[in-house]
Structure formats: structure tokens, C-alpha cells
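Each remark here refers to the structure printed beneath this line.
The values are calculated or read from the model by the stated rules, or taken from the named source; none is laboratory data. All values reported here derive from a predicted model rather than from experimental measurement. Please note: Cβ atoms are built from the backbone with ideal geometry, for glycine as well, and neighbour counts cover all protein chains shown. Ligands, DNA and RNA are stripped out before the accessible areas are found, and what is left, the full protein with its side chains, is counted by its heavy atoms. Shrake-Rupley method; radii C 1.70, N 1.55, O 1.52, S 1.80 Å.
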Amino acid sequence: MTATALIPTDEATLSTGGESCFPELDDASPVRYEIVGPRGAPVVAVLGGISASRHVCSSVSDPSSGWWEDVVGPGRAIDTEQFRVLCIDYVTRGTDSQPVTTNDQADALAKALDLAGIRRVDAVVGASYGGMVALAFGARYPTRAKRLIVISAAHVSDPIATALRHLQRRVVDLGKSVGRERDGLAIARGIAMTTYLTARHFEERIVGCDRNDTGLIEDRIGKYLKTRGEQFAERCTPEKYNALSLSLDLHSIRPEEVTIPTTVIAVSSDRLVPVAQSRELARRLGGPSQLIEIDSWLGHDAFLGDYARIAPFVNELLRVGTEVPS
């Protein structure tokens, strides 16, 4: 992805009060992004999972809820009254017709920063796929961030996670081949939901049910997965899903190449990113590092649904650097 020269922020933004949103640029490789927060405040780049978008939180320009509304916003853990928050849409095409990788996403983030006139961010906060991108950014652009906060992500994909995503992509392709691409995508996402969450989450959906009543069990769990899959299929395409899914599996960085101070936040019940991977990552990082391990009944999706366990650490890290609350 071709770098773009820095331009003055005032020329790049559409401003409303204390927050600014960036429009899509007419470019061969457009980078779509938003910035929310007061001018002159420290900048924090926020990156989420493959379903995340540039719209991380509601704002004056766009009052609709963002994908991390409970964590980013006025008075929240990532306080948009204290920080200027930048978030991007992930690109879905790599360079030279190659599959897109986390390195391509890191380059897209760097390009967005260039266009915004931002030479260095105070922090990159990345969760799930976004944590992988944060690590790639740290390795490729060591002078452009003061610190990384990596949540539920590691330096490589866990083999069982890769195997499960391979099958999900096959379901998507099968749906396309028989003219039911939306159904294929919805089923693939439903399967993915079973890996994001924990056995306890699904157990609680059938608490009190007669285990011999197969219809009720099917309704309590099956309906939930069907609904979540269909909701996702309404806002995503099969091509985007498969591109970003494969990008997860292709992700690989050498932790030793990340010299920026980094905090790794791991969830003990995460089945996609086992704690052992997070421990290895923290141990091998090339700069100052720390590992925070938390428990959550939501597993990999703790950063979305159990934010009260994670948000205080993020807030403290942003306020006082690499220290963590006791």
C-alpha cells in the first residue's frame, strides 16, 4: 500500500464541535476511518475483531451505537473527552493480488494516520483480530506508537482455531456454490460463535430445561446461533468474511520484533487464543512487556460482553502508561 504524505489535520477533517469524522477517500486503495475526540488530545487507535468497523462509538456526526460503545465514549474507559480515538475499516485485498494479511491492515492504519496528520499515537488498543493487527503495526512501525494494549490475541493463530475457520470458509463457499450464500455465511458465523463463547454461556441458556425436550434445547441454543448468524450476514459479505478469516490464519509475527512497550491481556477461558499462547507472546516480546490474565464466562468475546473485567485495565494503562491496577 503506497504511503501518503502528511497533510494538515484541519484540511483532512469534517469537524463538528470537539469531534471529527473522516470521509472515505477516492483512492486506488481507500482507507475508511473515523476520529472522535478533542483536537490536540493524545491519539489512541482502537481495533476490533473481524466484524468491527471504523464506527467504534456514537458521536455528534453519527449518533448510532458503535461496536465498542460500552468502552469508548465520554467518561468511559477510553474517554473521548480525554483522548482522540481513531478507528479504521479493515481492507479486504492484499498487495499484488495476494490474500490480505495483518501486515496489510497495519499499513492501512499507518496510511490513515498519515492522512490525518498524526505521526505517533499514544497507544494502539487491539482486541481479537485487532490485537493481531496491533502487533503487526508494532513490528512494522516501531516509532509510531508509544504503547500497545493487546487483548485476546497472539503472534500466531492457534492450530485448532485455524482448523475451525477453514471449515467455516468451506461452509461459506458451499453456500455460494448452491445460490444460498447468505445462509452459508449465517451458518459459518453461527459456528464461529461457538468458539468465541464458553460452555458455561451455552449451559446458562438451557438452565432449567428438560434435557429430554429436544425441541426446547434446539430452540434455546439453535435459535440464538441462527439469529446471531443472520444478523451478521446482513452486514457482511461472503468475500469479506473469507478474506478476513484467512487473514487470521495467515497471521504470524516474531514477538522479538515488537519493541514497543506492550501489555497482553489474556482470558483464561479463551478457546481461540489459549493462555499459553499469550504467556509465550509476553515472554518473547522484544520490549518492555506485561501479562494480565483474567477470568470471564464469555471466553474470547469477553472484550465485548464482559467489558467490566477488561475496561478498568485499559483505562489505567492509558492514564498511567505501563502500570496496571492492583
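Residue pairs whose Cβ atoms lie under 9 Å apart, sitting 6 or more positions apart in sequence or on different chains, and linking a residue in region 74-85 that is assigned to a loop (DSSP other than H, G, I, E, B) to a partner that is of a type in the set (S, T, Y) and surrounded by fewer than 24 Cβ atoms within 10 Å (Cβ to Cβ), are A77/Y307. Only helices (runs of 4 or more DSSP H) whose full extent lies in region 223-320 are considered here, and the ones with at least 1 residues that are over 16 Å from A127 (Cα atoms) are 223-235, 238-250, 275-284, 307-320. The residues in region 126-138 that are open to solvent by 10 Å² or more (accessible area, probe 1.4 Å) and not small (G, A, S) can be counted, and the count is 1.
Residues in region 226-278 that are among the hydroxyl-bearing types (S, T, Y) and open to solvent by less than 20 Å² (accessible area, probe 1.4 Å): Y241, S245, S247, T262, T263, S278.
Considering region 287-322, the residues that are open to solvent by 60 Å² or more (accessible area, probe 1.4 Å) and in contact (Cβ under 8 Å) with a residue 40 or more places away in the chain include one that is farthest from the chain's Cα centre (by Cα), namely T322. The single residue among R211, R228, R200, R205 that is among the charged types (D, E, K, R), out of contact with any Asp or Glu (no Cβ under 6 Å at 6 or more places or on another chain) and modelled with pLDDT of 95 or more turns out to be R228. The listed residues are R189, R205, and the only one of them that is buried (at least 17 other Cβ atoms within 10 Å of the Cβ) and touching a helix residue (DSSP H, G or I) at 6+ places or on another chain (Cβ under 8 Å) turns out to be R189. Restricting attention to region 7-66, the residues being in a strand (DSSP E or B), in contact with an Asp or Glu (Cβ under 8 Å, 6 or more places away or on another chain) and at pLDDT 55 or above number 6. Considering D89, D70, D114, D104, the condition of being out of contact with any Pro (no Cβ under 6 Å at 6 or more places or on another chain) and farther than 29 Å from R189 by Cβ is satisfied by D114 alone.
Report yes if D183 is farther than 24 Å from G299 by Cβ, at pLDDT below 95, surrounded by fewer than 21 Cβ atoms within 10 Å (Cβ to Cβ) and of a type outside the set (A, V, I, L, M), otherwise no. No; evaluated as a whole, the condition is false for this residue. Considering each residue of region 207-215 in turn, none proves to be assigned to a helix (DSSP H, G or I) and in contact (Cβ under 8 Å) with a residue 40 or more places away in the chain.
Going by what's in this entry, would A192 be described as part of a helix (DSSP H, G or I), free of Cβ contacts under 8 Å to residues at least 24 places away in the same chain and closer than 21 Å to G131 by Cα? Spelling it out, it is not the case that A192 is part of a helix (DSSP H, G or I), free of Cβ contacts under 8 Å to residues at least 24 places away in the same chain and closer than 21 Å to G131 by Cα. Screening region 88-125 for residues that are of a type in the set (S, T, Y) and crowded, with 20+ Cβ neighbours inside 10 Å and picking the one that is farthest from the chain's Cα centre (by Cα) gives T101. Looking at region 38-85 only, could you name the residues that are under 19 Å from G117 (Cβ atoms) and within 13 Å of the chain's Cα centre (by Cα)? Hits for region 38-85 are A45, V46, R54. Look at region 153-179: where a residue is of a type outside the set (G, A, S) and part of a helix (DSSP H, G or I) and a partner is open to solvent by 20 Å² or more (accessible area, probe 1.4 Å) and at pLDDT 95 or above, sitting 6+ places away or on another chain with Cβ atoms under 6 Å, you get T162/D249; R165/D249; Q168/I191; R169/N242; V171/I187; V172/N242. The residue that is least open to solvent (accessible area, probe 1.4 Å), counting only those in region 26-76 that are of a type in the set (K, R) and closer than 28 Å to T101 by Cα, is R54.
Listed here are the residues, each with its yes/no results for (1) touching a residue at least 60 places away in the same chain (Cβ under 8 Å); (2) out of contact with any Leu (no Cβ under 8 Å at 6 or more places or on another chain); (3) not acidic (D, E).
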| site | (1), (2), (3) |
| --- | --- |
| K226 | no, yes, yes |
| E257 | yes, yes, no |
| I260 | yes, no, yes |
| L285 | no, yes, yes |
